[in-house]
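What follows is a short report on a single structure.
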Amino acid sequence: MTKAARPPLPLPSSTPLAPPDGFEARLVEIGVRLDAPVLATLGDYLARLLAMNEQMNLTAIKDPSDAWEKHALDALTLVPLLGDASPGSRLVDVGSGGGLPGIPIAIARPDLLVTLVEATQKKAAFLSAVVAALGLPNVTVRAERAEQVGAGELRGVFDVVTARAVARLNLLVPLTAPLAKPGGLVLLVKGQRAEEELAEAKRVLAEQGTTHEKTVATPTGRIVVLRRGAGEARRKAKR
């Protein structure tokens with residue numbers, strides 16, 4: 001007999017976390033301004049993430065102040081790079097895990113249509129539950145591997161692709177780039193060895209028709225900014 005699938009763990013109740021002193025000023029320093037209700041929703045998400053983390057492995061971070069710094073701030077450093085993403089643009093977060101950076105971006109930019117891709121079923125179940133609890137109608141969850149999503153109907157349809165702490169660039173680019181439309185952005189959150197990984201992935205970038213535009217230093221790491229088939233998109237636009 002086939003073993004019945006375990007039901008998803010219920011989302012635990014939690015008290016929203018208040019942002020630490022100076023957090024709004026730090027956001028302004030990176031070019032992000034959020035009003036009080038948005039910050040409250042972020043605090044609600046972080047509280048639920050840490051509460052569920054006591055039952056399943058979602059994050060190594062347990063301290064609320066660290067969660068604001070290493071999760072919320074880290075995710076929101078991507079927002080200034082989305083300036084060209086108009087309302088209704090589609091963003092996919094690959095290997096979303098506990099929802100990072102996808103959920104904070106969706107909270108900060110409710111005008112974007114955000115898809116969270118997470119292959120681990122129990123993590124995907126948490127994502128679906130927390131999205132519903134936070135009331136985020138602009139977010140959908142796909143409980144699939146990135147390779148499956150990139151080979152299906154969502155191949156080449158996203159304006160922006162994001163990923164954080166999934167794999168080294170030579171492995172990550174083939175998972176993320178196929179999801180971007182021609183001219184689309186691929187924003188990859190990396191650490192201090194971003195340039196080393198870029199050199200290692202030079203051949204893979206070319207194979208995926210992806211160019212490295214820049215690497216942005218942030219208070220929490222590095223963001224590698226890639227453009228998918230930019231040359232091809234410009235040629236089409238001139239026709």
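The values are calculated or read from the model by the stated rules, or taken from the named source; none is laboratory data. Being a predicted model, the structure only gives us computed values, none of them experimental. Backbone-built Cβ (ideal geometry, glycine too); neighbour counts: all protein chains shown. These accessible areas exclude ligands, DNA and RNA; they are computed on the full protein's heavy atoms, side chains included. Shrake-Rupley method; radii C 1.70, N 1.55, O 1.52, S 1.80 Å.
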Notebook entry, point to check: So which residues in the range 30-65 are over 18 Å from P110 (Cβ atoms), without any contact (Cβ under 8 Å) to a residue 40 or more places away in the chain and open to solvent by 60 Å² or more (accessible area, probe 1.4 Å), if there are any at all?
Noted result: N57, A60, K62, D63
Note to self: Need the failing condition index for L127 against (1) open to solvent by 20 Å² or more (accessible area, probe 1.4 Å); (2) assigned to a helix (DSSP H, G or I), just the number.
What the structure shows: (1)
Note to self: One residue is enough: does the range 33-52 have a residue meeting the conditions modelled with pLDDT under 95 and not in a helix (DSSP H, G or I)?
What the structure shows: no
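Residues to consider are G99, G31, G83, G22; find the one that is at positive phi and within 17 Å of the chain's Cα centre (by Cα). If you could, list the steps in order and put the result at the bottom.
On the way: G31 fails: within 17 Å of the chain's Cα centre (by Cα); G83 fails: at positive phi; G22 fails: within 17 Å of the chain's Cα centre (by Cα).
The unique qualifying residue is G99.
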Margin query: Among the residues of the range 66-90, what is the count of those that are over 21 Å from G22 (Cα atoms) and crowded, with 21+ Cβ neighbours inside 10 Å?
Written below: 0
Margin query: On the basis of being out of contact with any Ser or Thr (no Cβ under 7 Å at 6 or more places or on another chain), in a loop (DSSP other than H, G, I, E, B), closer than 17 Å to L205 by Cα and open to solvent by 10 Å² or more (accessible area, probe 1.4 Å), does A167 make the cut?
Written below: yes
Margin query: For the range 170-184, give me each residue that is open to solvent by 20 Å² or more (accessible area, probe 1.4 Å) and not small (G, A, S).
Written below: N170, L171, P174, L175, K181, P182
Check: Taking the range 203-226 on its own, how many of its residues are in contact (Cβ under 8 Å) with a residue 24 or more places away in the chain, more than 18 Å from N170 (Cβ to Cβ) and either touching a Leu at 6+ places or on another chain (Cβ under 8 Å) or not hydroxyl-bearing (S, T, Y) (or both)?
Finding: 4
